[in-house]
Amino acid sequence: MIHISNLHKKFGKLHVLKGINEHIKKGEVVVVIGPSGSGKSTFLRCLNLLEQPTDGTIIFEGDSITDSKNDINKTRQKMGMVFQQFNLFPHMTVLKNITLAPMQLKGIDEKEATKIAMDLLERVGLSDKANAYPNQLSGGQKQRIAIARALAMQPDVMLFDEPTSALDPEMVGEVLDVMKELASEGMTMVVVTHEMGFAKEVGDRVIFMDEGNIIEEGTPVELFNDPKHGRTQDFLRKVL
Ligand code: ADP
Ligand code: MG
């Protein structure tokens with residue numbers, strides 16, 4: 001589904017991604033781990049062109065999205081993204097947060113968009129919050145709404161950047177449960193997380209990044225039980 005070749009990203013003189021090669025298959029759940037500052041967010045943001053890669057190519061569903069002729073907005077519609085800080089629109093109800101993009105970007109009428117939104121709210125267990133505003137919700141509820149909002153565009157892949165890192169511990173589980181269900185339904189997912197339990201249970205593949213490179217990758221069993229690289233071993237010793 002996504003072929004990444006020789007992906008580089010520089011911010012001025014800071015060389016953040018140093019030649020990433022990766023292939024993400026349809027239906028795969030890929031978990032990205034690594035120390036703070038290693039380039040995980042930049043990698044994810046390059047995938048949907050929130051950051052413009054400095055060099056390299058990304059082929060998404062057969063189209064080169066790094067090509068200057070590519071329609072960035074079309075690409076982004078097929079890639080849902082969930083951020084650490086939720087990024088809900090504070091002045092809109094939950095329902096409006098979810099229906100806005102399908103109506104504005106896909107031209108879906110309000111009745112249909114509302115139906116899609118209500119179905120998604122039921123899936124994330126928040127049907128009773130349709131008319132609430134974000135500031136009336138807990139962090140875990142906000143993040144479940146953010147996931148529903150991304151799903152409302154019916155994306156082909158979902159990108160998660162530390163979706164539980166800003167949550168109080170007791171709310172992490174409810175968000176991970178929604179993500180697990182999504183994975184079991186066959187959604188293609190790329191997940192940056194420090195939740196090693198989730199990585200082990202749900203990940204098809206785990207990628208360890210450090211200093212802008214993919215150092216090592218494998219199945220969760222391979223990576224967690226038998227890391228080959230010294231840097232992976234050091235990192236896992238600290239987090240497990
Ligand atoms: P991670 O998500 O693994 O913690 P990031 O991708 O956020 O790492 O950051 C990698 C490096 O790139 C860091 O040194 C960070 O300061 C730098 N960086 C990220 N975004 C920007 C930006 N927009 N401008 C300048 N430097 C950035
Ligand atoms: Mg990050």
* **Evaluated at q = 0.10 Å⁻¹: base-10 log I(q)/I(0), Debye formula over Cα of region 96-221** => -0.36
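First check a/c for region 39-81, with a ≥ b ≥ c the square roots of the eigenvalues of its C-alpha gyration tensor; if it is under 1.5, answer rounded, and if not, answer prolate when a/b is larger than b/c or oblate otherwise. Walk me through the intermediate numbers first.
On the way: a/c = 1.77, a/b = 1.19, b/c = 1.48.
Oblate, since a/c reaches 1.5 and b/c is not below a/b.
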* In terms of modelled amide H atoms, which long-range or inter-chain residues lie less than 5 Å from the amide H of V32? -> V191, V192, T193, I207
* Asked: D63 to H229: extension gain in nm, 0.36 nm per residue of separation minus the Cα-Cα distance?
  -> 56.4 nm
* Structure fact -> Charge dipole of region 105-161 built from unit charges on the beta carbon (Lys, Arg +1; Asp, Glu -1), centred at mean Cα; most positive-end Cα among N135, I145, L159 is N135
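Given DSSP loops and a limit of at most 10 other Cβ atoms within 10 Å, what is the longest stretch of the chain that contains no such trypsin sites (Lys or Arg not before Pro)?
On the way: sites that count: K13, K69.
Formally, the longest exposed-site-free interval is 70-240.
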* **Positive-pole candidate from A117, I58, L47, dipole of region 24-174, charges at beta carbon** => A117
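Given the pairs K18/K228; K25/K200; K78/K238; K10/K69, which are separated by over 27 angstrom at their Cα positions? All intermediate terms of the calculation are to be shown ahead of the outcome.
Details: K18/K228 21 Å; K25/K200 18 Å; K78/K238 36 Å; K10/K69 22 Å.
The answer is K78/K238.
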* **Long-range HN-HN contacts of T66 with modeled amide H, under 5 Å** => I58
* Rounded, prolate or oblate: which one fits region 1-85, using the alpha carbon gyration tensor with axes a ≥ b ≥ c (rounded when a/c is under 1.5, else prolate when a/b beats b/c, else oblate)? -> rounded
* In whole Hz, with x marking every Gly and Pro, tabulate ³J(HN,Hα) for region 56-62 from phi via Karplus 6.51 cos²θ - 1.76 cosθ + 1.60, θ = phi - 60°. => x, 10, 10, 9, 10, 6, x
* Structure fact -> Under the rule rounded for a/c under 1.5, else prolate if a/b exceeds b/c, else oblate, using alpha carbon gyration tensor axes a ≥ b ≥ c, the chain is classed as oblate
* **Linear extension gain, E112 paired with Q154, 0.36 nm per residue minus alpha-carbon span** => 13.8 nm
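Computed FRET efficiency, Cβ-Cβ of Q104 and L236, R0 45 Å: what is it to the nearest 0.05?
Values: r = 44 Å, r/R0 = 0.97.
The computed FRET efficiency comes out at 0.55.
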* To do: Report in % the part of the accessible area of the chain that belongs to carbon and sulfur, leaving out ligands and nucleic acids; probe 1.4 Å.
  => 48
* Under 5 Å, built H, 5+ apart or other chain: amide partners of G19 -> L7, H8, K9
* To do: Please report, in Å, the Rg and the Dmax of region 120-167, where both are computed over Cα atoms only.
  => 11.0, 30
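The values are calculated or read from the model by the stated rules, or taken from the named source; none is laboratory data. Note that the structure is predicted; figures quoted are calculated from it, not measured. Note that each Cβ is placed from the backbone with ideal geometry, even for glycine, and that neighbours are counted across all protein chains shown. Quick note on the areas: whole protein, heavy atoms, side chains included, nothing else; ligands and nucleic acids left out. Shrake-Rupley method; radii C 1.70, N 1.55, O 1.52, S 1.80 Å.
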